[in-house]
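The values are calculated or read from the model by the stated rules, or taken from the named source; none is laboratory data. The shown structure was predicted, so the numbers you read here are calculated from the model rather than taken from an experiment. Every residue, glycine among them, receives a Cβ derived from its backbone with ideal geometry; neighbour counts consider all protein chains shown.
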Amino acid sequence: MIRVENVTKVHHTRAGKKVVLDGVSFVINRGDKVGILGNNGAGKSTLLRLITGVEHPTSGRVVRSMSVSWPLGFGTGFQGSLTGADNVRFIARIYGSDIRETLAYVQEFAELGDYFYMPIKTYSSGMRARLAFGISLAIRFDCLVVDEVAAVGDQRFKDRCREALEERSAGSALVMVSHSADILRMYCNKGMVLRNGQMSSFDDLGEALVMQEMV
């Protein structure tokens, strides 16, 4: 279970304080497949980072009783002077994943060739994204968190990403942000709409999509 309890998030900008989330509360249970909707700037990605622990709330708390992935494709935590393979080894150790299996999965999935054994700082943004997505799928989590930018590369690679995500999410909870109603229908059965810092939850994704269209 993931329990978001009265969470407020405030960003400090040049124009002053901006309240992104204002007393948001909800629960995600094992097996839930939740699509989060909202206009640009509504705070969807901020909410994902709070759920995964990448950021902390200004007030309130996020309680996790199951393992939660970082946002799939989130690659800003890499050590640039280390190779892709070394970064995979490091992350596998942190999460207690079998190093050989994790290395083999990511190497095959990311399709980086010799670059897999070269420093991350030599990678293009697309190569870094491939590695990040591969690592995200290689580690088994109770809840997968997915931002809409997760699928990268050409159409063949995007299809592989979707197939792998379907397989990984089959036995897990899933929280996804996307502007595409078709993608949300593919993966999610519940929905949440974020507007003006407030969250509305729906047991049916279709109702959430209708609410979003009315915003």
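Residue 116 meets the stated requirement of being modelled with pLDDT of 95 or more, part of a helix (DSSP H, G or I), over 18 Å from residue 164 (Cα atoms) and hydrophobic (A, V, I, L, M, F, W, C).
Filtered by the rule that a residue be on the phi < 0 side of the Ramachandran plot and over 22 Å from the mean Cα position of the chain (by Cα), segment 113-145 gives 114, 115, 116, 117, 118, 119, 121, 122. Cβ-Cβ contacts under 8 Å between residues 6 or more apart (or on different chains), taken from a first residue in segment 97-108 that is within 19 Å of residue 161 (Cβ to Cβ) and aromatic (Phe, Trp, Tyr) to a second residue that is modelled with pLDDT under 95 and part of a helix (DSSP H, G or I), are listed as 105/134; 105/137; 105/138. For segment 149-199, a residue qualifies if it is of a type in the set (A, V, I, L, M, F, W, C), in a loop (DSSP other than H, G, I, E, B) and modelled with pLDDT under 90, and the qualifying residues are 149, 150, 151, 152, 170. Residue count for segment 79-98 satisfying the condition of being assigned to a loop (DSSP other than H, G, I, E, B) and either of a type outside the set (Asp, Glu) or closer than 21 Å to residue 28 by Cα (or both): 6. Here residue 141 qualifies as part of a loop (DSSP other than H, G, I, E, B) and not small (Gly, Ala, Ser).
Residues of segment 30-72 that are under 11 Å from the mean Cα position of the chain (by Cα) and basic (Lys, Arg): 44, 49. Please go through segment 187-205 and give me each residue that is farther than 25 Å from residue 10 by Cα and touching an Asp or Glu at 6+ places or on another chain (Cβ under 8 Å), ordered by number. Scanning segment 187-205 gives 187, 189, 190.
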